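Below is one structure. I have some questions about it.
The values are calculated or read from the model by the stated rules, or taken from the named source; none is laboratory data. Keep in mind that this is a model prediction, so the values were computed, not measured. Quick reminder, even Gly has a Cβ in these numbers, built from the backbone with ideal geometry, and neighbours come from all protein chains shown. All accessible areas refer to the heavy atoms of the entire protein, side chains included, with ligands and DNA or RNA removed. Shrake-Rupley method; radii C 1.70, N 1.55, O 1.52, S 1.80 Å.
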Amino acid sequence: TNAAEYGVCVTKLGGSAAFFQFAAAVFDGQDGLASADGATLTLNSAATKAGLDPAKVAACAATPEVKADVDASVELAKDLGVAEVPTLMINGRAAAATASYDLLKRIIDFQSKVDGVTGQ
């Protein structure tokens, strides 16, 4: 959950672009997440690569509010049966993130008709 807490704070402090830079850096250094010390180094390095002060991100990540936000997201994922990230949800239905464009389009078209959405 440390990576998630850092991710929330990176987004708060630097916006979406910083988050995606952070996420890419964490993914590239994911082997470092295996130990507590390695995770701290990996997350701080990723925050720096996202253009942020790692001390500010760490301080934000340690707040009870951020921990509560992450815990709530984890509980929501459990309630929805989400077991992997990313997972696409189309009107409450899970779709594989690896689904083809054509399959996703068919699902969305079907759901639009069911919901009475017109003017596509």
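Filter segment 62-83 down to the residues that are more than 24 Å from D31 (Cα to Cα) and among the acidic types (D, E), then identify the one that is least open to solvent (accessible area, probe 1.4 Å).
Result: D69.
Are any residues in segment 22-61 outside any helix (DSSP H, G or I) and either open to solvent by less than 30 Å² (accessible area, probe 1.4 Å) or in contact with a helix residue (DSSP H, G or I) (Cβ under 8 Å, 6 or more places away or on another chain) (or both), and if so, which ones?
G29, A50, G51, L52, D53
Every residue, every condition in (1) over 21 Å from A3 (Cβ atoms); (2) not in a loop (DSSP other than H, G, I, E, B), yes or no:
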site: V66; (1), (2): no, yes
site: D69; (1), (2): no, yes
site: S73; (1), (2): no, yes
site: L76; (1), (2): no, yes
site: P86; (1), (2): no, no
site: A94; (1), (2): yes, yes
site: T98; (1), (2): yes, no
site: D102; (1), (2): yes, yes
site: I108; (1), (2): yes, yes
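Then there is this: What pairs can you find where one residue is in segment 4-17 and over 15 Å from A72 (Cβ atoms), the other is in a helix (DSSP H, G or I) and not hydrophobic (A, V, I, L, M, F, W, C), and their Cβ atoms are less than 7 Å apart, with a gap of 6+ or different chains?
From segment 4-17, the pairs are L13/K56.
Provide a single number: the residues in segment 84-120 that are touching a Lys or Arg at 6+ places or on another chain (Cβ under 9 Å) and open to solvent by 80 Å² or more (accessible area, probe 1.4 Å).
Residues that pass the stated criteria total 0.
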